Amino acid sequence: MKSVLILFCVTLIISLSSCNDDCAEGDKAVPASFFIEITDATSGENVFQNNTYTAQQVIVQDTNELIVPTRFIENVNVIQIFPAVSNSSRNIIVVKLNNPNTFQTNEISISYDVASIPEECFITYKIENILFPNHVSEFAESYYIVKL
C-alpha cells in the first residue's frame, strides 16, 4: 500500500511539473497608457503648477461618457491615461477640465489607435497615432504636451 501511495505521489508531481507552459503565474501585460502635460498656450506654464486647475478638477471620458481610468503624477504634473483597447482605430476620449472657483472650463479631444502585439503568454496593447485635433501639441521625451 505504501509503494502505491509513493507511486501515485511521484506520478502526480511529474504530471504537474510537465504542464508548465513557460508562463509565470505573475506574467501580465502592462496596461496600455500614455501621458499628457497640459500647458497654457500663452505663458507655457503647466496648468496644474500655476493652479489654473487641480488634479481633482480633471475628468477623462469616452464618447459614451464613461470614465476612463487615469493617474495624476504630482511630482511632474502630468496625467497618465489608460484608454480602452477594445477597438483598434478611431477611438476618441475627452479630457474635461473644470475649475468651479474661477468658472474656467476646457475640453481636450484625443483620438488614438490601438495596436495589439501577441506575446507568448498574453497580448500587449500599445496606444498609437495619438492626435489632439483641436489643440496644438507636441511629443517631448515620453509624453505629449497639449496647449490650451
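What FRET efficiency, computed as 1/(1 + (r/R0)^6) with R0 = 25 Å and r the Cβ-Cβ distance, is obtained for N50 and D113, rounded to the nearest 0.05? After rounding, the FRET efficiency stands at 0.15. Sorting the segments 75-81, 49-55 by their mean number of nearby beta carbons within 10 angstrom, highest to lowest, gives 75-81, 49-55. Amide hydrogen proximity for A32: with H placed 1.01 Å from N in the peptide plane, the residues at 5 or more positions away or on another chain lying under 5 Å are Y125. 3J(HN,Hα) couplings calculated from phi for the stretch 47-53 with the Karplus curve 6.51 cos²θ - 1.76 cosθ + 1.60 (θ = phi - 60°) are, in sequence order, 5, 8, 6, 8, 6, 5, 9 Hz; Gly and Pro show x.
I'd like the GluC sites (Glu not before Pro) in the stretch 63-128 restricted to DSSP loop residues with at most 14 other Cβ atoms within 10 Å, sorted by number. Numbers along the way, then the final one.
On the way: sites: E65, E74, E107, E119, E120, E128; in loops: E65, E74, E119, E120.
Sites meeting the loop and neighbour criteria: E65, E74, E119, E120.
Using a Cα-Cα cut-off of under 17 Å, which aspartates and glutamates could be cross-linked to K96, ignoring same-chain neighbours fewer than 8 residues away? K96 reaches E37, D40, D62, E65, E107. At q = 0.19, 0.21, 0.24 Å⁻¹ the log10 of I(q)/I(0) for the stretch 89-148 amounts to -0.81, -0.90, -1.02, computed by Debye summation with a single uniform scatterer per C-alpha, solvent ignored. Working note: Karplus 6.51/-1.76/1.60 with θ = phi - 60° gives the stretch 129-140 the couplings 6, 6, 10, 10, x, 9, 9, 6, 8, 8, 9, 10 Hz, where Gly and Pro are set to x.
Rule-based calculations on the coordinates, nothing more; no lab input. All of these numbers come straight from a predicted model, not from anything done at the bench. Reconstructed Cβ throughout: ideal geometry from the backbone, glycine too, with neighbour counts over all protein chains shown.
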